[in-house]
Every structure is written in C-alpha cells, then in structure tokens.
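The values are calculated or read from the model by the stated rules, or taken from the named source; none is laboratory data. The model shown is predicted, which means the values in this text are computed figures rather than measured ones. No Cβ is skipped: glycine too gets one built from the backbone with ideal geometry, and neighbour counts run over all protein chains shown. For accessibility, only protein heavy atoms count, side chains too; no ligands or nucleic acids. Shrake-Rupley method; radii C 1.70, N 1.55, O 1.52, S 1.80 Å.
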Amino acid sequence: MRKFKTESKKLLDLMINSIYTNREIFLRELISNASDAVDKLYFRSLVDETVKINRADLRITVSFDAEARTVTVSDNGIGMSKDDLDKNLGTIAHSDSLEFKQSGLDAPGLDDVSADGDIAADVDIIGQFGVGFYSAFMVGKDVRVVSRAYGSDEAWAWESDGVDGYTIKEAERASHGTDVIVHLKDDTDDESYGTFATQHGLTDLIKKYSNYVRYPIQMEVTKSRMKERPADADADAAPEFENYTEVETINSMVPIWKRKRQDVSDEEYNEFYKTDFHDFEDPLRTISLHAEGTLTYDALMYIPAHAPFDMWSKDYKRGLALYSSGVLIMDKCEELIPDHFNFIRGVVDSADLTLNISRETLQQNSQLRAIARRLEKKIKSELATMCADDREAYVTFFKEFGRTLKYGIYSSYGMTKDTLADLLLFYSARQQKMITLDEYIADAPGDADAIYFAAGDSVERLANMPIVTTVLAKGYDVLLCDENVDEFCMMALADYTPKDSTEPDGSTKAWPIKNVGAEDLGLTTEEEKKKAEEVTEENSGLFDAMCDALAGKVKKVVVSTRVTDAPVMLTTEGAVSLQMAHLLKEQPGADESVPEAQIVMEVNVEHPVFDVLKQAHAAGDAGKVKDYAMILFDQALLVEGLPIADPLEFAQRVSALMR
Ligand code: ADP
C-alpha cells in the first residue's frame with residue numbers, strides 16, 4: 001500500500017468531511033476529467049501523425065450497477081500509465097499547487113480550515129488545488145481507477161478507500177482510456193447515496209452539470225414501450241408494455257457560447273464555467289459576445305470571483321480557449337487577451353479560422369488581432385459598467401484583480417492608460433472608501449488642479465502621516481496607496497484627464513498626479529514661504545548642526561511650511577520618493593546603483609520639540625543636538641512605516657534621553 005502525502009491526506013479529510021454539502025458535483029468532476037482526457041488525445045492527434053483516432057469515436061460513458069452500488073465514468077481518452085496513476089492520483093495537487101507563497105496563503109492556514117470554518121473561505125482554498133478527482137470520495141467508500149495509456153498495451157488499476165493510501169495493480173482493459181468506478185457509501189439517515197446509482201439520478205446530474213461537454217456522454221438507458229399486438233389479439237385487452245435498453249447521448253453538446261444570452265440562464269453559464277475552467281465558485285461576471293460581418297465569431301468570457309493560486313507566478317498563462325466551429329484548436333490562446341486582462345477566462349469560436357493554425361501564423365493573424373481588439377473593448381466596457389452600476393461587485397473585483405490593471409499601466413509605461421486609468425480605484429482619505437480618479441476630481445474643491453496621493457505600506461499608517469493630514473487640512477483629498485505597484489503606476493500615469501473634462505473652449509484639462517511625500521505641492525503661499533525662509537535663516541546654525549549629524553541621510557534641514565502635529569517630517573526632492581527608494585532597495589539583485597531618495601527634513605517650528613532643540617544648540621551641547629536629530633529622523637521613518645538603519649542605536653538613544 002502506498003501512502004498519500006501528508007498534505008494530501010489533510011486535504012482529503014477536509015474535503016470529504018466538511019467542505020461540500022453539495023456531494024452530487026462528484027459526477028461533474030469525473031466527467032470534466034474524462035472530457036479533458038479525451039481532449040488531450042484529440043489534441044495529440046492534431047500534432048502527431050502517428051496518433052490515429054477519429055474524433056467521432058471519442059466519448060464518455062456513464063453506467064451504474066444498482067445492486068453493487070457502483071457508478072462508473074469511462075472515457076476513451078489519453079489514459080494513464082502506472083506512473084501517471086501514482087503521480088496524478090497519489091498526490092492531491094501534485095502540480096506545485098502546494099506552493100502557497102504565490103497565493104498569499106501560508107501553509108499553516110491549512111490547519112485553520114476546520115469543519116466549522118467559513119465554508120466560502122474553505123472552498124476558496126480547495127478551489128486552488130486540483131482536487132476534482134477526490135470529490136469521488138465524498139460519495140464513494142472506495143474508488144477504483146482502471147486505465148490504459150494511449151499507445152501502451154498495459155493497463156493498471158489504482159484503488160483506494162480514500163483514508164490513507166492506495167494500491168496500484170496490473171489490470172485488463174481492451175483499449176486506451178480510463179474507467180473510474182465509484183463504490184457508493186452506505187445510505188445514512190441524511191444522505192441517500194444509492195440514488196446516484198439510478199438512471200434518473202445520473203441523467204439529471206449529467207443534464208444539470210455537464211450539458212455542454214463537447215463530447216457525447218452516453219448511457220445505456222432502459223425504456224419502456226408498448227408491446228406489439230398479435231394480429232388475432234382481443235382489441236379490448238389492456239395494452240402490454242415491455243422494457244428495452246438503448247444507448248443514448250444525454251448531453252446536448254450544442255456549445256453554450258453559440259446560444260443567445262437571453263436563452264441561457266445564469267445558472268447554466270455558471271455551471272459551464274465551473275465545469276470547463278475547473279473553478280469551484282461561480283464567476284463574478286459573464287460576458288457574451290456574438291459578432292457577425294466580415295468576421296463571424298462567438299465569445300463567452302468570465303471574470304472569476306477569485307484569482308487562481310498561480311496568478312502571480314511567472315508560470316501563469318493567460319489566454320482564451322480557441323475553437324473553430326466547435327472544435328478546440330488551442331487551450332490558451334494568448335493573442336486573444338491583453339496582459340492587463342489576463343484574469344479573463346473563456347472561449348472564442350470562429351468558423352472563419354482554419355483548424356491548423358500554428359503558433360507563428362497566430363501571432364500575425366490579422367483576424368485574431370481584430371477579435372482581440374474587440375474583446376478588449378468589450379471587457380473594458382463591461383468593467384466600466386460594473387464600476388458605475390454595481391460598485392460593491394466592482395470593489396470585490398478590484399481587490400482581486402486591481403493589481404493587474406495597475407501593473408498594466410506601469411509595465412506599458414502608461415501606454416494603456418486610456419483603457420485602464422478610469423477603471424482604477426484608490427482609497428480616498430477624505431471619503432474613506434475606494435473611489436475612481438473621476439470621483440476624486442468631481443469631489444475636489446474649486447481651486448484644486450492636481451490629484452494627490454501618498455504611498456506606503458498600510459492605509460491606516462498613511463492616513464496618520466503628517467503630510468497627509470496637512471494636505472487634508474487644506475481641503476484636498478489624498479489617495480492612500482498601499483500596494484507596491486501603486487507608486488509606479490501613478491508615475492506611469494503622470495496625469496489624468498477626467499471623462500467630462502471639456503473646457504468651454506473645447507480643450508481638455510489633464511490633472512497632474514502628485515505624490516504628497518515627494519514633491520513640492522505648491523500649496524504654500526508666497527508669504528508662508530518667505531516666513532519659512534526667514535526662520536530657516538535665523539536658525540541656520542542649528543540646522544547646519546542637524547544636517548551634519550544626519551550626514552549621508554538627509555540632504556537638507558528646513559523649516560516646514562505645513563501645519564502638522566509632528567515635530568519633523570521627511571519629504572524628498574526629485575523623482576524618487578522614500579517609499580520608492582525602499583521598494584527599489586528590496587528588489588532582488590538590488591545593489592549600490594539603485595537611486596537613493598534625496599531626503600529633506602522639515603522641522604515644525606511650532607512644536608515644543610523645536611524649543612528643546614534650540615536650547616541645546618544655544619547651550620553649545622553638540623552631542624545632544626546630534627542625538628535629537630538622529631532620534632527625530634528615525635522616528636519620522638517609523639511613522640512612515642519604513643525601516644530604520646539601526647534599531648538598537650535608536651533604542652539606546654531613547655533610553656539615554658529618558659535617564
Ligand atoms: P485536475 O483535473 O484539477 O488536474 P484531478 O484531481 O481531478 O485534478 O486530477 C488529477 C490528474 O489526474 C489530472 O490532471 C489528470 O492528469 C489525471 N486524470 C484524472 N482523471 C483522468 C482521466 N479520466 N483520464 C486521464 N487522466 C486523468
């Protein structure tokens with residue numbers, strides 16, 4: 001007996017015992033796997049001449065034995081070798097899925113998923129694994145998989161009770177493909193597993209969950225018909241019935257994307273999505289498109305509710321499935337979807353594309369490019385509508401995928417901003433919720449002409465940053481940006497032209513986007529500036545001493561013109577803000593060549609601490625001035641959520657001060 005890997009076992013327990021109340025989906029999962037297996041074989045036949053199969057022969061067969069309490073899902077697809085069985089069915093989520101890093105989950109999180117836990121969260125985690133097959137154990141007390149890989153003459157049987165291990169033994173199978181035989185659990189008071197081993201039970205489930213699977217799902221069904229009467233029979237005698245059996249295709253197989261939106265229920269769309277894209281959750285939105293004219297095609301696209309676990313890994317592949325007249329040409333056609341919408345799942349089907357389209361011709365295919373352009377527009381308008389009409393859903397969407405949009409702007413150096421900028425949401429310090437750039441502008445006071453943002457690691461911390469409270473006090477809103485990509489995105493955007501920005505003379509006005517921590521915002525009056533210069537002059541001795549104390553750390557020390565509660569505040573000159581300098585330094589491979597921030601320390605001369613500084617300086621206590629300057633500098637960094645160079649030294653200085 002081989003043992004399941006520990007992680008697998010944990011998940012298995014979780015799955016079988018707590019997560020799914022909806023046990024019937026096991027059939028959908030097994031049929032999806034069968035359909036994939038058939039697809040894989042068909043696919044291979046397209047690229048490998050030695051694989052000779054006839055597409056019309058490919059099928060999935062569902063059968064049952066009421067007495068033995070078994071349900072069997074068979075396919076004549078690619079099959080599995082002994083190794084495949086071990087690798088694919090011996091480990092849940094064999095495909096690196098357990099690398100939690102990318103998903104933002106950490107491994108200990110698994111232990112938190114308890115039977116009484118939040119079901120939605122559980123499903124979310126489970127949905128990130130390839131656990132489809134294991135759902136068979138929700139209804140089966142044991143499961144036997146007999147498989148023969150295409151091109152091999154051996155068959156193998158994998159068997160397990162789903163508890164802690166499995167066996168793989170030699171077996172017989174007439175030709176390539178796989179049988180999954182689920183031996184149903186005993187009925188309980190709550191659950192009648194036996195209904196799965198009935199004709200009605202199974203045909204209903206196939207129609208409900210797998211209607212659009214592209215291969216025939218066949219079942220031998222028993223039907224009843226009136227017996228033919230012998231010629232001499234009594235005309236008044238009651239008719240007699242007899243049973244006969246017939247192989248029937250249960251699913252409709254008409255591609256769902258060919259049907260008009262109004263003829264398909266949301267539920268059908270959702271089921272198709274879950275079956276075809278192996279998600280356990282309904283999608284957030286369904287987008288369907290039927291184009292006619294020079295280029296005729298149907299597209300069905302989905303916005304998932306959650307990002308897949310590997311979305312942020314470099315192995316993630318975007319793309320839509322590409323069909324030609326209902327036949328799959330390619331699983332993930334990248335050319336159909338721009339990178340900034342890489343979360344979209346779906347299919348495109350066009351009769352105008354040839355079947356043997358190759359990688360190279362794809363890239364130059366102008367038809368494909370035309371489709372891609374149209375799809376991008378459609379996705380954009382769907383998102384814009386969601387943003388305007390259903391903000392709650394849009395905020396959910398943005399939490400999952402906003403980073404992709406922002407990254408799209410940054411990585412294109414702003415070239416995609418016309419498409420993406422009005423889809424962005426940022427947290428407004430004033431309104432305390434996520435708003436669009438248009439909403440920022442609409443809400444701005446009459447004399448405002450710039451969009452202000454602050455970047456850091458948490459919204460709460462940013463909200464308390466002296467410079468932010470200063471700008472707010474002046475009546476302007478500040479967008480609080482707490483994602484790494486935010487500042488880069490804002491820089492790439494540089495400015496934003498609101499949607500209805502046409503001035504009386506027909507021109508449009510762009511609002512520059514300004515980092516409150518990095519730039520002179522031009523919010524001080526001439527008078528205030530002059531005053532500050534005077535005070536700076538008066539205290540030049542003190543400021544020089546502070547500057548010396550902070551040599552290599554700050555570029556200059558000046559009097560602040562902003563009203564704040566803090567004794568000092570750090571701003572920067574030039575393009576590199578404090579936050580950005582920090583991010584750049586954290587990049588893997590960063591060295592001395594990364595640009596440093598040109599830090600300016602602004603001193604609040606209204607603050608009592610300033611008097612203490614002045615006294616120390618007047619008393620000629622250079623050591624004290626130095627200590628104070630260092631403490632103030634480190635403090636200001638901490639307020640911004642940035643690391644300080646030497647925490648120990650900082651602590652020692654503070655304790656010395658207390659003594
Ligand atoms: P997923 O389908 O999400 O990858 P599963 O646990 O359902 O995860 O299946 C694991 C793997 O087992 C599949 O990726 C596939 O390689 C293999 N497999 C499952 N069912 C079949 C089948 N009927 N024919 C061939 N391979 C299969």
Based on C-alpha coordinates, I'd like the Rg and Dmax of the range 403-480, in Å.
13.0, 35
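So, by mean Cβ neighbours within 10 angstrom, what's the order for 53-60, 394-401, 367-374 with the highest one leading?
394-401, 367-374, 53-60
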Can you compute log10 of I(q)/I(0) for the range 165-257 with the Debye formula, treating each Cα as one identical point scatterer, at q = 0.10, 0.11 Å⁻¹?
-0.52, -0.60
What FRET efficiency would be calculated for the residue pair Phe43, Ile644, taking the C-beta separation as r and a Förster radius of 41 Å, to the nearest 0.05?
0.10
Just the accessible area per residue of the chain, please: how many Å² with a 1.4 Å probe?
49
Between the range 523-569 and the range 397-473, the alpha-carbon center distance in angstrom
29
Eigenvalues of the Cα gyration tensor times 5, then square-rooted: what semi-axes does that give for the range 521-624, in whole angstrom, largest first?
28, 18, 11
Order Glu170, Glu154, Glu248, most accessible first, counting only protein heavy atoms with a 1.4 angstrom probe.
Glu170, Glu154, Glu248
Surface/4 estimate of mean projected area, convex hull on alpha-carbon atoms of the range 454-539, nm²:
8.1
Whole angstrom only: what separates the Cα centroid of the range 600-659 from the Cα centroid of the range 211-272?
83
Which percent of the accessible area of the chain is formed by carbon and sulfur heavy atoms (probe 1.4 angstrom)?
48
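So if I average 1/r over every pair of distinct C-alpha atoms in the chain and take the inverse, what Kirkwood radius in Å does that give? Mind showing how you got there, number by number?
Numbers: mean 1/r = 0.0336 Å⁻¹.
Result for the chain, one decimal place: 29.8 Å.
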Alpha-carbon Rg/Rh ratio, for the range 362-431, with Rh computed the Kirkwood way:
1.05
Once amide H atoms are built 1.01 Å from N in the peptide plane, which residues 5 or more positions from Gln598, or in another chain, come under 5 Å H to H?
Glu573, Val576
Which of the residue pairs Lys377/Lys406; Lys378/Lys509; Lys377/Lys514; Lys87/Lys169 have a Cα-Cα distance greater than 20 Å in the structure shown?
Lys378/Lys509; Lys377/Lys514
